[in-house]
Amino acid sequence: MQKGQDLSWGSLPYSLIPWLQEALISLGYTKTTPVQASTIPMFSNNKDVIVQAVTGSGKTLSYVIPIVEKVCAFIRNESSFKKGHFGGLIVCPTKELALQIKTVTDSLLEFNPDERHKLSSQAVVGGIGNVTADVQLFLKFRPQILVATPGRALEFLQQGSVKTSSCQVFVLDEADKLLDSGFSTEVSLISKLLPRQKRIGMFSATISTIVDQAFRMGMTNPIRITVKSDSLESDITPAELSLNYDIVDSSQKLQKLLHILTTFQFKRAIVYFPTCTCVTYFFAVFNHLLECVERTNSACRAPIVKLYSLHGKLHLDSRTKTLQQFSDTSEYKHILFSTDVAARGLDIPDMDLVVQVDPPTDPDVFVHRCGRAARAGKSGSSILFLSPGLEENYVEFMRLRNVSLRPLSQLEFKPDDYNFVYEQLQKWLMVDRGRHDKAIRAFVSYVKCYSKHVASSIFRVSSLNYWNLAKLFGIFRFPKMPENKFIHDFPEGGLIDQSFDFDSYKYLNEQKEMERLADMKDQAKKLEIAERKKQKLAQQQKNAAWSAQSKSMKHLSPDFSTRAKQSQKQRLLMDEELESGELESDWKELIQAKKKQKRGTISNAFEGI
Ligand SMILES: Nc1ncnc2c1ncn2[C@@H]1O[C@H](COP(=O)(O)OP(=O)(O)OP(=O)(O)O)[C@@H](O)[C@H]1O
């Protein structure tokens, strides 16, 4: 693709269907974007394509237009699709993205003037109804184009009444994500269920690692299309996106985040946290902090309109509603707290700021997160927090991956103005022990997630500053977890403030508080019994020592020494049980979640985020 090349729709090397061209212009797409100019002629002309182009460059229309053209050509030749047949399948990793692609597709199809052959699409995604309901809708409305997530798509295609033989195009949007271990089995099974002679298109902003897998999907002589950015700093992020980082102690992250969100000018921002529990927790914390900011005459007073939260453990309806409300508002300063469920593909208008409280575990996702801002030629900026020490190497690590980050300037941050943050956080936690439980869960999930970083030489759980991290979450004690061995000067009982009285720390929820009190009684009883057993054992040992004095070692009954060993073993086991009982409380939820996740991998590998 040459610089200064004519990008009008009319300059494509073949003529688009007239109503389609009219539709594009009516929708405000007056000319092609570079990736569309390069891809549409190839993909429409029966070539398999592997397309890499920066975020927000218009990849969606690069495949939707060729699919619509193929569907129309099929109808022209065969008069219509038979019942149970369809013409194109688009698969992508998240439900939100699938619904967004369907919206883009429908916006074009509405312009089809042929009353006899209505064109439509259907979303086939997990979390909405069930596959039987999907098939019923499909048979009733006979859509020609399907937009699906991998698990549900596979189930759907395996239903007897769904016929795949007319499918001519198979698109993998966010192909690198689809072909990684979480989804690859479903995706290759889907490909096998579709006709051999179908065309395949793979699209992503970060696709370099998957080319070898293209052949496994059944691609024949795929054309590789790479559309780079004009940016001087990176050719894999848009030129209009400024990429910044800030070195900040975990203990100061909340304060800095509050400063940025209250003093920076932006319309919509997205703040990424590593796990679902972190999103839920910090969403609640931030709502409280913002109330405090509003109440006081604090230096950082600013008109934040609304916070939203999004993650994979929320019900799909509520996720869709949240995104809808967040996207629809025309007011300033709307902020979405999210996991990586909103990292790829989402096209939210006027998003001009992305903040990453931590880098993503997969470095490729960094580009996708930042790419939610500065889309379609608009400007935007992203800020990444890095902790001092090893994490500072991330800047060089990303530079080697062709992404250059600059230190954040113009941050007139005065820590003293934000002293109230930690105080308020602790006060807020004191109101309800349930809040502290949530903080502990979020803390544990954070550490677990940290251990999953691909760049394991930079992100080491052994190098984390757990004391600073504890301040970020506001917790009063360290949870029991295997990583405690890395905490220097680990305090007695994990208590961060030794004077803190956990026994009188209450739940607001009456039922929970009653259970806690009953538990406390139970524990006290168990300890008493254990203490008595210990004393008894000590007495037995004393007696044994006395009798040993009177007998020589060779006359010592072998039976006795075995019994002594056994009871010592029993005592150790009992101590371990008590210990693991406590351990369990912090880990139980994570283990359950892990099991659930394992069961759910087929339907959606994004559930963890
Ligand atoms: N030809 C065009 N003219 C003007 N705007 C366009 C054109 N094509 C697409 N856009 C707009 O550009 C934005 C980004 O498009 P799209 O979501 O397809 O990007 P993408 O390359 O798929 O991004 P990502 O890699 O983040 O998924 C959308 O708001 C879309 O409406």
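Overview of results
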{"read-out": "Condition broken by Ile458, with the remaining ones in (1) part of a helix (DSSP H, G or I); (2) at pLDDT 95 or above satisfied", "value": "(1)"}
{"read-out": "Count of residues meeting criterion [at pLDDT 95 or above and surrounded by fewer than 18 Cβ atoms within 10 Å (Cβ to Cβ)] in the stretch 250-267", "value": "1"}
{"read-out": "Residue within the stretch 100-112 that is at pLDDT 95 or above and more than 16 Å from the ligand (Cβ to nearest atom) present", "value": "yes"}
{"read-out": "In the stretch 61-94, residue modelled with the highest pLDDT [restricted to those that are of a type in the set (S, T, N, Q) and within 16 Å of the ligand (Cβ to nearest atom)]", "value": "Ser62"}
{"read-out": "Check on Lys47, basic (Lys, Arg) and either part of a loop (DSSP other than H, G, I, E, B) or surrounded by fewer than 20 Cβ atoms within 10 Å (Cβ to Cβ) (or both)", "value": "yes"}
{"read-out": "Scan of the stretch 26-44 for residues that are assigned to a helix (DSSP H, G or I), farther than 27 Å from Gln197 by Cβ and near the ligand (Cβ under 10 Å from one of its atoms), ordered by number", "value": "Pro34"}
{"read-out": "Candidates Asp364, Asp417, Asp340, filtered to the one that is closer than 27 Å to Val285 by Cα and either within 16 Å of the ligand (Cβ to nearest atom) or small (Gly, Ala, Ser) (or both)", "value": "Asp340"}
{"read-out": "Selection within the stretch 114-124 - away from the ligand (no atom under 16 Å from the Cβ) and either in contact with an Asp or Glu (Cβ under 6 Å, 6 or more places away or on another chain) or at pLDDT 95 or above (or both)", "value": "Leu119, Ser120, Gln122, Ala123, Val124"}
{"read-out": "Residue check for Pro93: buried (at least 22 other Cβ atoms within 10 Å of the Cβ), in contact with a Phe, Trp or Tyr (Cβ under 7 Å, 6 or more places away or on another chain) and touching a residue at least 40 places away in the same chain (Cβ under 8 Å)", "value": "yes"}
{"read-out": "Which numbered condition Phe215 fails, given (1) surrounded by 13 or more Cβ atoms within 10 Å (Cβ to Cβ); (2) outside any loop (DSSP other than H, G, I, E, B); (3) of a type in the set (A, V, I, L, M, F, W, C)", "value": "(1)"}
{"read-out": "Unmet requirement for Gln159, which otherwise passes all of (1) touching a helix residue (DSSP H, G or I) at 6+ places or on another chain (Cβ under 7 Å); (2) among the polar types (S, T, N, Q); (3) under 24 Å from Phe43 (Cα atoms)", "value": "(3)"}
{"read-out": "Matching helices (runs of 4 or more DSSP H) fully within the stretch 348-431 where at least 1 residues are in contact with an Asp or Glu (Cβ under 7 Å, 6 or more places away or on another chain) and touching a residue at least 40 places away in the same chain (Cβ under 8 Å)", "value": "363-370"}
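Residues checked against (1) surrounded by 17 or more Cβ atoms within 10 Å (Cβ to Cβ); (2) in contact with a Leu (Cβ under 7 Å, 6 or more places away or on another chain):
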{"site": "His311", "(1), (2)": "yes, no"}
{"site": "His334", "(1), (2)": "yes, no"}
{"site": "Asp340", "(1), (2)": "yes, no"}
{"site": "Ala343", "(1), (2)": "yes, no"}
{"site": "Leu346", "(1), (2)": "yes, yes"}
{"site": "Pro349", "(1), (2)": "no, no"}
{"site": "Asp352", "(1), (2)": "yes, no"}
{"site": "His368", "(1), (2)": "yes, no"}
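The values are calculated or read from the model by the stated rules, or taken from the named source; none is laboratory data. All values reported here derive from a predicted model rather than from experimental measurement. Virtual Cβ from ideal backbone geometry, glycine too; neighbours counted across all protein chains shown.
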